[in-house]
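*Asks:* Take a look at the following structure, please.
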2 protein chains.
Amino acid sequence: MHERLAADPAREVEETLLSRPGLRIGRIVSSGQASPPGHWYDQTEDEFVLLVAGEAGLEIAGEAVPRRLRPGDWVHLPAHCRHRVAWTQAEPPTLWFVIHHAPAAP
Amino acid sequence: MHERLAADPAREVEETLLSRPGLRIGRIVSSGQASPPGHWYDQTEDEFVLLVAGEAGLEIAGEAVPRRLRPGDWVHLPAHCRHRVAWTQAEPPTLWFVIHHAPAAP
(Lines give C-alpha, C1' and ligand atoms only; values in the text may rest on other atoms or scores of the structure.)
Protein backbone atom coordinates (compact mmCIF):
# COMPACT_ATOMS: atom_id res chain seq x y z
CA MET A 1 0.00 0.00 0.00
CA HIS A 2 2.83 2.36 0.80
CA GLU A 3 5.10 0.94 -1.88
CA ARG A 4 6.75 3.49 -4.09
CA LEU A 5 5.19 4.12 -7.46
CA ALA A 6 6.92 2.28 -10.24
CA ALA A 7 7.06 5.14 -12.73
CA ASP A 8 8.87 4.28 -15.94
CA PRO A 9 9.63 7.19 -18.26
CA ALA A 10 9.66 4.78 -21.20
CA ARG A 11 6.17 3.43 -20.81
CA GLU A 12 2.87 3.65 -19.02
CA VAL A 13 2.63 1.26 -16.06
CA GLU A 14 -0.76 -0.28 -15.32
CA GLU A 15 -1.58 -2.79 -12.63
CA THR A 16 -4.80 -4.38 -11.51
CA LEU A 17 -5.42 -3.85 -7.81
CA LEU A 18 -8.71 -5.68 -7.52
CA SER A 19 -10.60 -7.94 -9.86
CA ARG A 20 -14.13 -9.25 -9.35
CA PRO A 21 -16.86 -10.34 -11.75
CA GLY A 22 -18.07 -7.09 -13.31
CA LEU A 23 -15.50 -4.95 -11.50
CA ARG A 24 -11.83 -4.16 -11.98
CA ILE A 25 -9.87 -1.47 -10.16
CA GLY A 26 -6.60 -0.48 -11.76
CA ARG A 27 -3.82 1.97 -11.14
CA ILE A 28 -1.96 3.66 -13.99
CA VAL A 29 1.23 5.66 -13.78
CA SER A 30 1.85 7.81 -16.85
CA SER A 31 4.98 9.80 -17.44
CA GLY A 32 4.21 11.88 -20.47
CA GLN A 33 2.54 9.16 -22.55
CA ALA A 34 -0.61 9.77 -24.58
CA SER A 35 -2.85 7.55 -26.67
CA PRO A 36 -1.41 6.92 -30.12
CA PRO A 37 -2.48 9.61 -32.61
CA GLY A 38 -5.94 8.84 -33.92
CA HIS A 39 -6.47 6.00 -31.43
CA TRP A 40 -9.74 6.10 -29.51
CA TYR A 41 -10.75 3.75 -26.72
CA ASP A 42 -14.15 2.19 -27.31
CA GLN A 43 -14.92 -0.14 -24.40
CA THR A 44 -17.70 -2.57 -23.64
CA GLU A 45 -17.65 -1.65 -19.94
CA ASP A 46 -18.22 1.62 -18.13
CA GLU A 47 -15.11 3.26 -16.72
CA PHE A 48 -14.79 5.65 -13.81
CA VAL A 49 -11.53 7.56 -14.19
CA LEU A 50 -9.98 9.42 -11.26
CA LEU A 51 -6.86 11.52 -11.47
CA VAL A 52 -4.90 11.39 -8.19
CA ALA A 53 -1.58 13.10 -8.98
CA GLY A 54 -0.07 14.98 -11.88
CA GLU A 55 -2.24 16.33 -14.65
CA ALA A 56 -3.70 15.04 -17.91
CA GLY A 57 -5.81 15.96 -20.91
CA LEU A 58 -8.68 13.60 -21.64
CA GLU A 59 -10.33 13.89 -25.04
CA ILE A 60 -13.92 12.73 -25.32
CA ALA A 61 -15.53 12.21 -28.72
CA GLY A 62 -17.87 15.09 -29.49
CA GLU A 63 -16.20 17.55 -27.11
CA ALA A 64 -14.31 20.43 -28.70
CA VAL A 65 -11.31 20.44 -26.36
CA PRO A 66 -9.73 17.88 -24.03
CA ARG A 67 -10.80 18.03 -20.41
CA ARG A 68 -7.95 19.09 -18.20
CA LEU A 69 -7.84 16.77 -15.19
CA ARG A 70 -6.16 17.72 -11.94
CA PRO A 71 -5.89 15.74 -8.69
CA GLY A 72 -9.35 14.84 -7.41
CA ASP A 73 -11.01 15.27 -10.82
CA TRP A 74 -12.98 12.34 -12.14
CA VAL A 75 -14.97 11.39 -15.21
CA HIS A 76 -17.48 8.61 -15.74
CA LEU A 77 -17.23 7.15 -19.22
CA PRO A 78 -20.19 4.96 -20.15
CA ALA A 79 -19.49 1.92 -22.32
CA HIS A 80 -18.68 2.94 -25.91
CA CYS A 81 -18.06 6.56 -24.98
CA ARG A 82 -15.02 7.04 -27.20
CA HIS A 83 -12.11 8.75 -25.51
CA ARG A 84 -8.34 9.13 -25.66
CA VAL A 85 -5.58 10.51 -23.51
CA ALA A 86 -4.34 13.68 -25.21
CA TRP A 87 -1.40 14.25 -22.87
CA THR A 88 -0.11 13.48 -19.38
CA GLN A 89 2.29 15.27 -17.09
CA ALA A 90 5.64 13.47 -17.00
CA GLU A 91 7.33 14.84 -13.92
CA PRO A 92 6.20 14.23 -11.29
CA PRO A 93 4.31 11.36 -12.93
CA THR A 94 0.57 11.27 -13.39
CA LEU A 95 -1.33 8.80 -11.26
CA TRP A 96 -4.75 7.51 -12.24
CA PHE A 97 -7.13 5.06 -10.63
CA VAL A 98 -9.65 3.50 -12.98
CA ILE A 99 -12.72 1.50 -12.10
CA HIS A 100 -14.03 -0.65 -14.94
CA HIS A 101 -17.49 -1.98 -14.23
CA ALA A 102 -20.41 -3.59 -15.93
CA PRO A 103 -22.69 -1.06 -17.61
CA ALA A 104 -26.14 -0.32 -16.24
CA ALA A 105 -28.85 -2.69 -17.44
CA PRO A 106 -30.60 -1.22 -20.50
CA MET B 1 -16.10 17.52 -12.27
CA HIS B 2 -14.06 20.62 -11.66
CA GLU B 3 -16.42 21.94 -9.04
CA ARG B 4 -14.79 23.13 -5.85
CA LEU B 5 -14.78 20.74 -2.94
CA ALA B 6 -17.45 21.52 -0.44
CA ALA B 7 -15.32 21.19 2.69
CA ASP B 8 -17.19 21.97 5.88
CA PRO B 9 -15.06 22.28 9.02
CA ALA B 10 -18.10 21.33 11.10
CA ARG B 11 -18.79 17.97 9.53
CA GLU B 12 -17.65 15.32 7.10
CA VAL B 13 -19.19 15.73 3.63
CA GLU B 14 -19.99 12.56 1.71
CA GLU B 15 -21.62 12.30 -1.68
CA THR B 16 -22.41 9.41 -3.95
CA LEU B 17 -20.91 9.86 -7.40
CA LEU B 18 -22.12 6.65 -8.97
CA SER B 19 -24.57 4.00 -7.87
CA ARG B 20 -25.19 0.66 -9.56
CA PRO B 21 -26.44 -2.69 -8.29
CA GLY B 22 -23.53 -4.02 -6.24
CA LEU B 23 -21.40 -0.89 -6.71
CA ARG B 24 -21.29 2.56 -5.17
CA ILE B 25 -18.56 5.12 -5.64
CA GLY B 26 -18.47 7.90 -3.08
CA ARG B 27 -16.37 10.93 -2.32
CA ILE B 28 -15.72 12.06 1.25
CA VAL B 29 -14.22 15.33 2.39
CA SER B 30 -12.99 15.25 5.97
CA SER B 31 -11.68 18.24 7.82
CA GLY B 32 -10.30 16.82 11.03
CA GLN B 33 -13.17 14.46 11.82
CA ALA B 34 -12.63 10.94 13.12
CA SER B 35 -14.95 8.03 13.90
CA PRO B 36 -16.62 8.46 17.30
CA PRO B 37 -14.48 6.95 20.09
CA GLY B 38 -15.01 3.20 20.25
CA HIS B 39 -17.06 3.17 17.04
CA TRP B 40 -16.03 0.55 14.48
CA TYR B 41 -17.47 0.18 11.00
CA ASP B 42 -18.61 -3.36 10.28
CA GLN B 43 -20.01 -3.48 6.76
CA THR B 44 -21.75 -6.13 4.71
CA GLU B 45 -19.98 -5.02 1.53
CA ASP B 46 -16.31 -4.82 0.60
CA GLU B 47 -14.86 -1.33 0.49
CA PHE B 48 -11.90 -0.05 -1.50
CA VAL B 49 -10.63 3.12 0.17
CA LEU B 50 -8.36 5.55 -1.66
CA LEU B 51 -6.84 8.65 -0.15
CA VAL B 52 -6.47 11.40 -2.75
CA ALA B 53 -5.50 14.50 -0.74
CA GLY B 54 -4.63 15.31 2.84
CA GLU B 55 -3.70 12.57 5.27
CA ALA B 56 -5.50 10.19 7.60
CA GLY B 57 -5.06 7.41 10.13
CA LEU B 58 -7.07 4.28 9.46
CA GLU B 59 -7.41 1.80 12.29
CA ILE B 60 -8.06 -1.82 11.37
CA ALA B 61 -9.14 -4.33 14.01
CA GLY B 62 -6.22 -6.56 14.94
CA GLU B 63 -3.53 -4.13 13.81
CA ALA B 64 -1.43 -2.52 16.53
CA VAL B 65 -1.30 1.00 15.09
CA PRO B 66 -3.41 2.95 12.61
CA ARG B 67 -2.21 2.93 9.00
CA ARG B 68 -1.09 6.36 7.94
CA LEU B 69 -2.57 7.09 4.51
CA ARG B 70 -1.11 9.66 2.15
CA PRO B 71 -2.26 10.66 -1.34
CA GLY B 72 -2.32 7.62 -3.61
CA ASP B 73 -2.50 5.13 -0.74
CA TRP B 74 -5.35 2.66 -0.78
CA VAL B 75 -6.71 -0.16 1.34
CA HIS B 76 -9.14 -2.92 0.46
CA LEU B 77 -11.44 -3.73 3.35
CA PRO B 78 -13.33 -7.00 2.91
CA ALA B 79 -16.88 -7.15 4.28
CA HIS B 80 -16.88 -7.28 8.09
CA CYS B 81 -13.27 -6.14 8.36
CA ARG B 82 -13.80 -3.80 11.30
CA HIS B 83 -12.17 -0.42 10.90
CA ARG B 84 -12.39 3.17 12.06
CA VAL B 85 -10.95 6.53 11.12
CA ALA B 86 -8.49 7.50 13.87
CA TRP B 87 -7.81 11.00 12.57
CA THR B 88 -7.89 13.12 9.42
CA GLN B 89 -5.96 16.17 8.36
CA ALA B 90 -8.14 19.29 8.61
CA GLU B 91 -6.32 21.85 6.50
CA PRO B 92 -6.10 21.43 3.62
CA PRO B 93 -8.98 18.96 3.91
CA THR B 94 -8.64 15.24 3.40
CA LEU B 95 -10.22 13.80 0.27
CA TRP B 96 -11.20 10.16 0.00
CA PHE B 97 -12.81 8.13 -2.74
CA VAL B 98 -14.51 4.94 -1.62
CA ILE B 99 -15.78 2.09 -3.72
CA HIS B 100 -18.32 -0.11 -1.99
CA HIS B 101 -18.92 -3.33 -3.85
CA ALA B 102 -20.49 -6.73 -3.41
CA PRO B 103 -18.12 -9.16 -1.70
CA ALA B 104 -16.58 -12.05 -3.60
CA ALA B 105 -18.76 -15.14 -3.79
CA PRO B 106 -17.85 -17.56 -0.96
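*Asks:* Counting only residues that are within 12 Å of another protein chain (Cβ to nearest Cβ) and in a loop (DSSP other than H, G, I, E, B), how many does the stretch A:92-106 have?
*Replies:* Filtering the stretch A:92-106 for residues within 12 Å of another protein chain (Cβ to nearest Cβ) gives A:92-105.
Filter once more, so that each one left must be in a loop (DSSP other than H, G, I, E, B): A:92-93, A:102-105.
The qualifying residues number 6.
*Asks:* A further question follows. Considering only residues that are within 14 Å of chain A (Cβ to nearest Cβ) and not in a loop (DSSP other than H, G, I, E, B), which ones fall in the stretch B:62-91?
*Replies:* B:67, B:68, B:69, B:74, B:75, B:76, B:77, B:83
*Asks:* Let me ask you something else. Under 7 Å by Cβ, and 6 or more places apart or on different chains, what pairs join a residue from the stretch A:32-56 that is on the phi > 0 side of the Ramachandran plot and assigned to a loop (DSSP other than H, G, I, E, B) with one that is modelled with pLDDT of 95 or more and β-branched (Val, Ile, Thr)?
*Replies:* Note: pairs meeting the criteria are A:32/A:88; A:54/A:88; A:54/A:94.
*Asks:* Which residue, of B:65, B:29, is surrounded by 13 or more Cβ atoms within 10 Å (Cβ to Cβ) and at pLDDT 95 or above?
*Replies:* B:29
*Asks:* Follow-up question, since we're still on this one. Report the residue count in the stretch A:1-19 for those that are within 11 Å of chain B (Cβ to nearest Cβ), at pLDDT 95 or above and either in contact with a strand residue (DSSP E or B) (Cβ under 7 Å, 6 or more places away or on another chain) or surrounded by 15 or more Cβ atoms within 10 Å (Cβ to Cβ) (or both).
*Replies:* First, pick out the residues of the stretch A:1-19 that are within 11 Å of chain B (Cβ to nearest Cβ): A:1-5, A:17-19.
Add one more test, that the residue is at pLDDT 95 or above, and what stays is A:17-19.
Right, trim to either in contact with a strand residue (DSSP E or B) (Cβ under 7 Å, 6 or more places away or on another chain) or surrounded by 15 or more Cβ atoms within 10 Å (Cβ to Cβ) (or both) and you get A:17-18.
The total comes to 2.
The values are calculated or read from the model by the stated rules, or taken from the named source; none is laboratory data. Given the structure is predicted, the values throughout are model-derived calculations rather than measurements. Using ideal geometry, Cβ is built from the backbone for each residue, glycine included, and neighbour counts are taken over all protein chains shown.
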